[in-house]
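Presented below is the structure to which this report refers.
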């Protein structure tokens, strides 16, 4: 049975989420404060973590940051406000996805399934290419390692996933709809800026020009394109 750690100080909400996911055959362990959750999850890592952003004893963002140093476990952040700063902070700290309260059960389940699919390693190595080399940019999927001009880049799990998808179609436009479907498991609604934020952070890691990107290009009205000929 898939194990999920739920860290939420609102006991009524935590009970509702726990009951909903338990009915869907997930094993749910509930924590009501950040410090207790961090101590427990540092010892025993579940298959996925649902983490509230505002917690007593240790802030949810800090818990996320510290756990990410230890593990690549998928993390969904819960935010109380639909504000871009909450989204940016959560993703910067290493969260894989976020949901704005009030939580909707079916949407939460969709996000969980999407992240768990991404977390399962491929067993058939012949299905897809393991390493992509574009000049001095080398991307290795099995180890999730990226080097540029011989220097290892520190990419988050989210950033690597975006780069891998773009690199598979280097020189071609990849739509926001396609990225959203592959990365998050649902269609792009025209308003969600998660993909744009991940692209922005990826550009910084790839030393792209922030004012006029030429490595990861925005093709207005279409999507994004990873240039194939600029990595020499």
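The values are calculated or read from the model by the stated rules, or taken from the named source; none is laboratory data. Note that the structure is predicted; figures quoted are calculated from it, not measured. Reconstructed Cβ throughout: ideal geometry from the backbone, glycine too, with neighbour counts over all protein chains shown.
A few remarks follow.
- Matching residues, the range 16-39, being in contact (Cβ under 8 Å) with a residue 12 or more places away in the chain and under 16 Å from residue 68 (Cα atoms): 34, 35, 37, 38
- Filtering the range 165-180 to residues that are touching a strand residue (DSSP E or B) at 6+ places or on another chain (Cβ under 9 Å), surrounded by fewer than 19 Cβ atoms within 10 Å (Cβ to Cβ) and closer than 22 Å to residue 75 by Cβ leaves only 165.
- Selection from the range 33-50 of residues that are in contact with a helix residue (DSSP H, G or I) (Cβ under 9 Å, 6 or more places away or on another chain) and over 20 Å from residue 93 (Cα atoms): none
- Number of positions in the range 104-127 that are within 30 Å of residue 50 (Cβ to Cβ), assigned to a loop (DSSP other than H, G, I, E, B) and modelled with pLDDT under 90: 4
- Taking the conditions (1) part of a loop (DSSP other than H, G, I, E, B); (2) over 25 Å from residue 98 (Cα atoms) in turn, residue 155 satisfies each one other than (2).
- Odd one out for residue 13 among (1) more than 23 Å from the chain's Cα centre (by Cα); (2) closer than 19 Å to residue 103 by Cβ; (3) without any contact (Cβ under 8 Å) to a residue 60 or more places away in the chain; (4) surrounded by 15 or more Cβ atoms within 10 Å (Cβ to Cβ): (3)
- Among the residues here, residue 57 qualifies as at positive phi and either more than 16 Å from the chain's Cα centre (by Cα) or without any contact (Cβ under 8 Å) to a residue 60 or more places away in the chain (or both).
- Failed item, numbered, when residue 151 is tested on (1) in contact with a strand residue (DSSP E or B) (Cβ under 7 Å, 6 or more places away or on another chain); (2) loosely packed, with under 14 Cβ neighbours inside 10 Å: (1)
- Selection status of residue 216, surrounded by 14 or more Cβ atoms within 10 Å (Cβ to Cβ) and either more than 23 Å from residue 71 (Cα to Cα) or in the same structural domain as residue 93 (by TED's automatic domain parsing) (or both): yes
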